[in-house]
Amino acid sequence: MVTVALNRALIFLGPPGAGKGTQAKQVAKSYGVPHLSTGDMFREAVSRGTELGRRVKPIMERGELVPDDLVMKLVEERLSQPDCAQGFVFDGFPRTLAQAALLDGIFEVRGIGKPLVIDFAVSADKLLRRLTGRWTCSVGGEIYNVYDAPPKVPGVCDVDGGKLVQRADDRPEVVKERLAAYERQTKPLTDYYSRQGVLKTIDAGASVDEVSRALNAVLKGAKS
Ligand code: ADP
Ligand code: AMP
């Protein structure tokens, strides 16, 4: 049930596997705002076989970042939709300094205030376990982990009974490249947002419930 309005842009920053999607789903649901995962949008384009999907598929399979112009086009289109008017949660975007600067420009044009940026801090050993153990529902996108958050019945989603699948880019060799891309291209965003005074770091190495509590405390603190 939605009790409080979000009315702002949230950005979940952090390495692949940090738990951004898991928390973004909960926050988006409780505030009744869209969860905007650029990774999910690209995966959908790939599965539908669109022109965009055909372009990004080999890039994603290598664990590299999609070019900024393609990402920005997708984001601009999505932000123009009416369901973004009361706030939204970005998960996995922006991922380069260029994307962050372009997003600042979009916010200015659209009259959207400064975002609140949450940095999900997790150690490298936990990330590997989270990524290689991740299974996702092919119907509703619910996220599981065979080690830490297993479904009641193996391979089946607790929520809608959908088949659970493993992402192709969660294979260990691709994970290595994705973590390197994060260090090289995305980590500098923590300084970028810290300089703007909008960055909050949370310990994302804790359990899902503990991270959720820490996140809610930050969201409530930031609103008052
Ligand atoms: P991201 O969106 O940052 O890539 P996900 O939310 O998809 O990360 O989570 C990656 C994996 O880690 C999933 O298998 C998920 O179930 C698991 N996970 C998420 N948060 C936690 C947590 N706090 N503790 C343990 N496992 C977690
Ligand atoms: P994710 O689901 O966030 O882990 O993203 C999966 C893949 O989609 C990444 O490894 C990139 O190839 C691509 N991707 C998602 N978001 C972005 C972004 N903001 N910039 C560049 N590439 C992205």
>> Tally up the residues in region 110-135 that are touching a Leu at 6+ places or on another chain (Cβ under 8 Å), over 20 Å from PHE90 (Cα atoms) and surrounded by fewer than 15 Cβ atoms within 10 Å (Cβ to Cβ), please.
In response: 1
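Answer yes or no as to whether GLY141 is in a loop (DSSP other than H, G, I, E, B), loosely packed, with under 14 Cβ neighbours inside 10 Å and among the small types (Gly, Ala, Ser). Write out each step before concluding.
Details: in a loop (DSSP other than H, G, I, E, B): yes; loosely packed, with under 14 Cβ neighbours inside 10 Å: no; among the small types (Gly, Ala, Ser): yes.
So GLY141 does not fit the description; no.
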> Quick one: would you say GLY92 is modelled with pLDDT under 95, within 14 Å of ligand 1 (Cβ to nearest atom), under 17 Å from the mean Cα position of the chain (by Cα) and of a type outside the set (Lys, Arg)?
Replying inline: no
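How many of the residues in region 29-52 are surrounded by 17 or more Cβ atoms within 10 Å (Cβ to Cβ), away from ligand 1 (no atom under 16 Å from the Cβ) and over 19 Å from SER212 (Cβ atoms)? Outline the logic, then answer.
In the first step, residues of region 29-52 are kept if they are surrounded by 17 or more Cβ atoms within 10 Å (Cβ to Cβ); the result is 31, 33-39, 41-43, 45-46, 52.
Now narrow it down to the ones that are away from ligand 1 (no atom under 16 Å from the Cβ): 31, 33, 45-46, 52.
Filter once more, keeping what is over 19 Å from SER212 (Cβ atoms): 45-46, 52.
Adding up the residues that qualify gives 3.
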>> If I filter region 15-28 for residues that are touching a strand residue (DSSP E or B) at 6+ places or on another chain (Cβ under 7 Å), more than 10 Å from ligand 1 (Cβ to nearest atom) and touching a residue at least 24 places away in the same chain (Cβ under 8 Å), do I get at least one hit?
In response: yes
> Failed condition for ALA181, given (1) within 15 Å of ligand 1 (Cβ to nearest atom); (2) without any contact (Cβ under 8 Å) to a residue 40 or more places away in the chain, with all others met?
Replying inline: (2)
>> Here is a check on your reading of the model: is GLY105 in a loop (DSSP other than H, G, I, E, B), small (Gly, Ala, Ser), away from ligand 2 (no atom under 11 Å from the Cβ) and free of Cβ contacts under 8 Å to residues at least 24 places away in the same chain?
In response: no
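The values are calculated or read from the model by the stated rules, or taken from the named source; none is laboratory data. This one's a predicted model, so the numbers in the text were calculated from it and none came from an experiment. Backbone-built Cβ (ideal geometry, glycine too); neighbour counts: all protein chains shown.
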